[in-house]
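A quick write-up on the structure given underneath.
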Amino acid sequence: MPMGMADIAEVLWNDFLRHSPANPRWPDRDRFVLSNGHGSMLLYAVLHLSGYPLSLEDIRHFRQMGAHTAGHPERDAGLGIETTTGPLGQGIANAVGLALAERHLAATFNRPGFDVVNHHTYVFLGDGCLMEGVSHEACSLAGTLGLGKLIAFYDDNGISIDGKVEGWFTDDTPRRFEAYGWQVIRGVDGHDPEAIKRAVRKARRETGKPSLICCRTVIGFGSPAKAGTKSVHGEALGAAEIAATRVALDWPHPPFEVPAEIRAGWDARSKGRRHESKWKKLFKDYRTAHPELAAEFERRQAGSLPDGFAASAAAALADAHAKAANVATRAASQSALNALAPALPEWIGGSADLTGSNNTWHGASRVLTAADPAGNYLHYGVREFGMAAIMNGLELHGGVRAYGGTFLVFSDYARNAIRMAALMRIGSVFVLSHDSIGLGEDGPTHQPIEQIASLRLIPHLTLWRPCDAVETYVAWADAIARTDGPTCLALTRQALPAQPRDAGTLDLVRRGGYVLAEASTSADLILLATGSEVAVAMAARASLEAAGIGVRVVSMPATRVFDHQDAAYRATVLPAGVPTIAVEAGVTDGWWRYVGARGRVLGIDEFGRSAPARELFQYYGIVPENVVRIAHELLGNSPPAP
């Protein structure tokens, strides 16, 4: 691909792309995404030649430890790499999010004579991206939203790792994209610079539809023996074929040597400074004409929260604490959004078709459509993977933040985009409701058992599973403030009782795990729980305390947050030597590290069943009476009378 799409890259980067290698984070730069990320060397080559701080040593050490030239592009805004691509299809989905952010910000901030947001998103993609289902999810929505500044180049070379794709990929791709509502530019010779230029100009003239430029290319172009074959996809050419290719391409220079006149022709630093300088002059005049808008634009670009937001969040938490309402945490989440979102105009929410179920709509929500791109809420449709990957693109763009909802069990559909958010350490927020067997009659296909534990395993991802409205508010405040990784909020369908707290306990919720209820005497036992099971632990505590057993209840809504606390604090919450029972309506594996070999874990290590929630909790023993029984067994007491 780096050889097959080189002619396209040369035209795009030298004739159309507005960027500034001297300031890769310039807000109004064009965005470029390499969705077929296995061709990463093409991106590294053009970044190096254009003047980005990607050294020749990095190029020499391609895919080696310590080099900035990974086998697939890894996000590094300072080097001009906009997003991490690798799993095919996610790059184009990220690009949809990038283009959507541009459209939204332009509608929000531009004023007559002041197009301070005015750039394109370009993406290279191949057959593999188009075979992956996420490309359908994202590109379908892109057409519906009329993202006219999204331009994709389809590397139609007919080859994948297994060989000629005609044996397994016979889609009529142009008609597919026309059906989505895209402009399709067919039959472009991907090795004819003039044909490529004409296609790009046509794409740029279309402002109401995204464009797909279908480029016929030859994989490994220039290799006499291997061009057009699967062997050039992932194998080195070899010394003899490299020599033959140099002859075929009339390139007499030794490896890693670029003639001075070619370097000078590629160097985009001066041109980039001119682009940026012109924009800065425009923005200076914009600041004079529209000072409040300019200040808000700069705040968002800096990623700062509005002045006074921390105080507003604290007041909202205090209000939730004072009301002490018994509600489902999905409803508490909506209340938190109603309290916090109006002060956060940069947040774009949404849901994968379950708005009324996961409560992601708030009082200040306004649907974002092709006709109203300044809206702040997206109906993603039944597209969980596409939603998550588009959210990542929104986050990557800058100036907007993204949250989106679905049922927790469907996080499996979105899993790889959630993983990419964690890998890139961006602040996407995934609202995952119906968090356990508590959703009831929809049955085992919809009842999450292993999802919470598996999400907790993802590095840099924080998962909050709150037990009541107070913990839900704290979870949202943490997710909003967090910019170094994504957050998942696991929320209940069923109502949960509000837990009693004093001011000191209220302040400890933010630490991810804390003592919710202390033993009336010295603690003989610790009950550790999350989410809906905290109420189970509290009811069991009352029975055990009545029997003369001192019981501490620890609520741990966010294990990763708790794990990052200092050792002294963790030891005060879970002191060594005290028998501990963990309770969560899901797989038990993750809890043994907290309870130790002498402890117990009460959970569910099989799939659920279709029945009302109350019956399910009773069937699986996630009830106070069973916790009491296990406690007596653990302490060596006689079991209580039935």
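Each eigenvalue of the Cα gyration tensor of the range 103-144, multiplied by 5 and square-rooted, gives one semi-axis; in descending order these are 30, 12, 6 Å.
This model, with +1 at the C-beta of Lys and Arg and -1 at the C-beta of Asp and Glu, gives the chain a dipole about its Cα centre of some 1340 debye. Here each label is just a point 7 Å from Cα along the line to Cβ, and for Arg614 and Asp171 those points are 4.9 nm apart. For Ala495, the residues whose modelled amide H falls within less than 5 Å of its own, excluding neighbours fewer than 5 places apart on the same chain, are Ala328. So for the range 513-625: antiparallel DSSP bridges make up what percent, rounded to the nearest 5? Within the range 513-625, antiparallel bridges account for around 20 percent of the total.
From helices alone, the chain scores -12000 deg cm²/dmol at 222 nm; the rule is -39500 (n - 2.57) for each run of n ≥ 4 DSSP H residues, then divide by the residue total. Evaluating kT/(6 pi eta Rh) at 25 °C and 0.890 mPa s, with the Kirkwood radius of the range 37-84 over Cα pairs in the Stokes-Einstein relation, gives 237 µm² s⁻¹.
Here P(r) over Cα pairs in 10 Å bins from 0, in percent was computed from the coordinates, and among (i) 3, 12, 19, 19, 15, 12, 9, 6, 4, 2, 0, 0; (ii) 3, 15, 23, 21, 16, 12, 6, 2, 0, 0; (iii) 3, 14, 23, 25, 20, 11, 4, 0 the match is (ii). How high is the FRET efficiency from Asn338 to Thr369, r the C-beta distance, R0 22 Å, rounded to 0.05? E between Asn338 and Thr369, to the nearest 0.05, is 0.50. Distance between the pseudo-spin-label points of Leu249 and Ala310 (7 Å out from Cα toward the beta carbon): 5.4 nm. Solvent exposure of the range 566-612 amounts to 50 Å² per residue of accessible area, where only protein heavy atoms count and the probe is 1.4 Å.
For Gly586, the amide hydrogen comes within under 5 Å of the amide hydrogens of Ile604, counting only partners 5 or more places away or on other chains and with H modelled in the peptide plane.
Only lysines eight or more places from Lys230 in sequence, or on another chain, were considered; those with a Cα closer than 17 Å are Lys164. For the range 102-251, the spread of Cα coordinates along the three principal axes comes to 60, 35, 23 Å, biggest extent given first. Taken one residue at a time, the phi angles of the range 505-514 give Karplus couplings (6.51, -1.76, 1.60, θ = phi - 60°) of 5, 4, 6, 7, 4, 4, 8, x, x, 7 Hz. Gly and Pro are set to x. Protection proxy ranking for 608-620, 484-496, using the average of other Cβ atoms within 10 Å per residue and placing the highest first: 484-496, 608-620.
Entry for the range 61-177 at q = 0.13, 0.19 Å⁻¹: log10 I(q)/I(0) = -0.63, -1.08, Debye formula applied to identical alpha-carbon scatterers, no solvent contribution. Ordering Thr572, Thr530, Thr207, Thr229 by accessible surface, largest first, gives Thr207, Thr572, Thr229, Thr530; the 1.4 Å probe counts only protein heavy atoms, with every chain in place. Between His379 and Leu368, the built amide H atoms are under 5 Å apart, and every one of these is 5 or more places off in sequence or on another chain. Residues in the range 257-269 carry Karplus couplings, in order, of 9, 10, x, 4, 5, 6, 4, 5, x, 7, 4, 9, 5 Hz; the curve used is 6.51 cos²θ - 1.76 cosθ + 1.60 with θ = phi - 60°, and Gly or Pro positions show x.
Taking Cα atoms only, the orientation of helix 133-145 departs from the longest principal axis of the chain by about 80 degrees.
Strictly greater than 24 Å: what percent of every Cα pair in the range 315-459 meets that? Every Cα pair in the range 315-459 considered, those over 24 Å come to 33 percent.
Counting only alpha carbon atoms, the long axis of helix 193-205 and the longest principal axis of the chain meet at about 50°.
Most simply put, the chain has about 15% antiparallel DSSP beta bridges, counting only bridges with both residues inside it. With θ taken as phi - 60° and the Karplus curve 6.51 cos²θ - 1.76 cosθ + 1.60 applied, the whole-hertz 3J(HN,Hα) list for the range 488-502 is 10, 10, 9, 10, 8, 7, 8, 5, 10, x, 5, 9, x, 8, 9 Hz, x standing for glycine and proline. From most to least packed by mean Cβ count within 10 Å, the peptides 346-359, 441-454 give 346-359, 441-454. Can you tell me the orientation of helix 469-481 relative to the chain, as the angle in degrees between its alpha-carbon axis and the longest Cα principal axis, to the nearest 10? Once rounded, the angle reads 30 degrees. One chain, two ends: Asp267 and Thr521. Fully extended at 0.36 nm per residue, the span grows by 84.1 nm beyond their Cα-Cα distance. Would you mind computing, in nm to one decimal, how far apart the modelled labels at Ser55 and Leu282 are, each placed 7 Å from Cα along Cα→Cβ? Spacing of the two 7 Å Cα→Cβ label points: 3.6 nm. Straight-line cross-link partners of Lys280 among the aspartates and glutamates, defined as a Cα under 19 Å from its Cα and at least 8 positions apart when in the same chain: Asp28, Asp30, Glu102, Asp115, Glu292, Glu296, Glu298.
Along each principal axis, taking the top coordinate minus the bottom one, the Cα set of the range 506-556 gives 32, 21, 14 Å in descending order.
The values are calculated or read from the model by the stated rules, or taken from the named source; none is laboratory data. Note that the coordinates shown come from a computational prediction; the quantities given were computed from them, not determined experimentally. Positions of Cβ are generated from backbone atoms using ideal geometry, with glycine treated the same way; all protein chains shown enter the neighbour counts. Accessible surface areas use protein heavy atoms only, side chains included; no ligands, DNA or RNA. Shrake-Rupley method; radii C 1.70, N 1.55, O 1.52, S 1.80 Å.
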